[in-house]
Each structure stands twice: as C-alpha cells, then as structure tokens.
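The values are calculated or read from the model by the stated rules, or taken from the named source; none is laboratory data. Please read all numbers here as calculations on a predicted model, not as lab measurements. Cβ placement follows ideal geometry from the backbone for every residue including glycine, while neighbour counts extend to all protein chains displayed. Protein only, heavy atoms only, side chains kept; ligands, DNA and RNA dropped before computing areas. Shrake-Rupley method; radii C 1.70, N 1.55, O 1.52, S 1.80 Å.
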Amino acid sequence: MWEGQNMICLDLEVEHRPDDLATGWKDLAALGLSIGGLYDYQDQRVHWFDQQTLLATVEALVARQPLMISFNGIGFDFALMRALLRQRIRLGLDYQQVCDQFAALAAQSYDILAEIWAAAPENRYQRGNSLDALCQHNGLGAKTGHGAQAPRLWHEGRIAEVVNYCAMDIALTRRLAAHIAKNHGHLERRAGPVQMRYLTETGGIAAPEDSCQG
C-alpha cells in the first residue's frame, strides 16, 4: 500500500538506555543514536543511517518533504533527531535552519500513537497502546524483542540483531498504518475500539468517518 508515494516510515534505536544515564529521559541527545531506518515507499527499500549520517538524512528529508509515518515519532524519534542536531548547534555548527525545517516536517507527520491519544485521551496511559500490543491485538504479528535490549546488544557488538529489531519495528508500523487505513480509521485495542484519523490511498490524512468511544 502507498507504493510510489512520497512517503517514508521511520524508526530509531538509541545507543544508551535511559536507566544507565544520570539524566534519564531528560537529555535525549545523551541517549545517542545507534541505528535508524526508514522505509521509502517510492523505491520500497529500507535505508539505514547513524549519528554520522544523520545530518545528511535530515537534509534529504527536508528537501524532499515526504509524509513521515511513525509510532511515537513526534514524542520520541523525531525529537531525538532534533536533539542530536541541536547538540551540534551548541558546538557552533550552523544547523539551526535545517533543524527548524525538520521540526515543521515532523509536525505534519502521521504518528500513529499521537493519533490514538488524540482520539481517545481518556485512556492514554492504559496498557495495550504499545506497538507490539496493538499489532498482536489486530493479528498483525508481534515484536521479536524489546527496545530496552537494543542498547545492550549494540554495545556487545551484536549489530545485526539491533538492525533486525529496528527493521521489525518499521515493518510492524507499516502494517499497522495500512490496517488503520483499510479500516477507515477504526482500530481495535485492549482498552476498546477507537476511531482516528487515517491515511488515504493517495497518502493524504483523512478525518475520522464516525465517532467511536475509546
């Protein structure tokens, strides 16, 4: 679905666990980036990037202006990317413009988790809203590991396992986005069904077709 459209689906893995840092989640840049991947609907391939190629990746996205699909991208993935760019700005490097442009692009993205929370804010913190739980509940597959394991695997040199884990997250996010679209914004959850905004066949974002209590 959406093959050939100017769209991507993105996921990141961090280099350090928040529990291992004094700043925890407060300093996103300190978490670092081990590997990031984006599925490009135009060439139907996953492209990989790391901290060294982050700037080039962001510049390419800003130039191309694709619709970005994520699961918690606004709350985490895109925020981490901007935090890492701001870290370079503090070093005196002139990345402010591209950072601002990327923030504007992220604000127009389709973040599945943000859409769920917007449609059903009353049960935002209930269990069952994770990517893994939602995919399992809707028969779309399950994760093969846990994100908290990725930094340990990375530091142990088990790079392929981290890449495979990131690739699975991207695949599950794509499946979930397509499932929501095919059901016109209707999504089953453990906390109850929700009717949310969804992506159309042309890649535009449509409003919920009818109301559904979450």
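In the elastic network of the chain, a GNM with C-alpha springs shorter than 10 Å, the most mobile of ASP132, ASP169, ASP20 is ASP20. Between rounded, prolate and oblate, where does the stretch 88-169 land on the alpha carbon gyration tensor, with a ≥ b ≥ c its root eigenvalues, rounded for a/c under 1.5, else prolate if a/b exceeds b/c? Taking the square roots of the gyration eigenvalues as a ≥ b ≥ c, the stretch 88-169 is oblate. To the nearest ten degrees, helix 159-182 and the longest principal axis of the Cα atoms of the chain are 30 degrees apart.
Applying the criteria of a DSSP loop state and at most 12 other Cβ atoms within 10 Å to the chymotrypsin sites (Phe, Trp or Tyr not before Pro) of the stretch 91-164 yields TYR125. A simple spin-label model places the labels of THR200 and ASN183 2.2 nm from each other, with each point 7 Å out along Cα-to-Cβ.
The relative contact order of the stretch 88-214 comes to 24 percent, based on Cα pairs under 8 Å that sit 6 or more residues apart.
What longest region of the chain stays clear of GluC sites (Glu not before Pro) that DSSP places outside H, G, I, E and B and that have at most 16 other Cβ atoms within 10 Å?
Values: sites that count: GLU3, GLU156, GLU188, GLU201, GLU209.
It works out to 4-155.
For the chain, the longest principal axis of the C-alpha atoms and the axis of helix 96-107 are separated by about 20°.
Over the residues of the chain, the helix contribution to mean residue ellipticity at 222 nm works out to -12000 deg cm²/dmol, using -39500 (n - 2.57) for each DSSP H run of at least 4.
Compute the length gained on full extension between HIS155 and ARG124: take 0.36 nm times their separation in residues and subtract their Cα-Cα distance, giving the result in nm to one decimal.
Working: separation 31, 0.36 × 31 = 11.16 nm, distance 3.32 nm.
Net length gain for the segment: 7.8 nm.
I need the shape label for the stretch 1-42. Rule: rounded when a/c is under 1.5, else prolate if a/b > b/c, else oblate, with a, b, c from the alpha carbon gyration tensor. Taking the square roots of the gyration eigenvalues as a ≥ b ≥ c, the stretch 1-42 is prolate. With contacts taken as Cα pairs under 8 Å and at least 6 residues apart, the stretch 18-123 reaches a relative contact order of 26 percent. An oblate overall shape is assigned to the stretch 23-122, the ratio a/c of its alpha-carbon gyration tensor axes (a ≥ b ≥ c) being 1.5 or greater and a/b not exceeding b/c.
For the stretch 76-146, carbon and sulfur atoms together expose 49% of the accessible surface, with a 1.4 angstrom probe and every protein chain in place. FRET efficiency for the ASP94 to ALA142 pair, using the beta carbon distance and R₀ = 35 Å, is estimated at 0.20.
Output the antiparallel fraction of DSSP beta bridges having both residues in the chain, as a percent to the nearest 5.
Details: 15 of 20 bridges.
In the chain, approximately 75 percent of DSSP beta bridges are antiparallel ones.
On average, how much accessible surface per residue is there in the stretch 12-69, in Å², for a 1.4 Å probe, leaving out ligands, DNA and RNA?
Values: 2800 Å² over 58 residues.
With the other protein chains kept in place, the stretch 12-69 gives 48 Å² per residue.
Accessible area per residue (1.4 Å probe, heavy atoms of protein chains only) ranks HIS155, HIS184 as HIS155, HIS184, with the largest value leading. Determine the distance separating the Cα centre of the stretch 19-36 from the Cα centre of the stretch 131-207; give it in Å without decimals. The two parts, judged by their Cα centres, are 22 Å apart. Values (i) 1.00; (ii) 0.96; (iii) 1.08 are given for comparison; Rg/Rh (Cα atoms, Kirkwood Rh), derived from the coordinates here, is the one labelled (ii). Site pair ASP27 and ALA103 shows an inter-label distance of 2.1 nm when each label is modelled 7 Å from Cα along Cα→Cβ. Report the longest stretch of the chain that contains none of the trypsin sites (Lys or Arg not before Pro) sitting in a DSSP loop with at most 12 other Cβ atoms within 10 Å. Within the chain, the longest run free of exposed trypsin sites (Lys or Arg not before Pro) spans 27-126.
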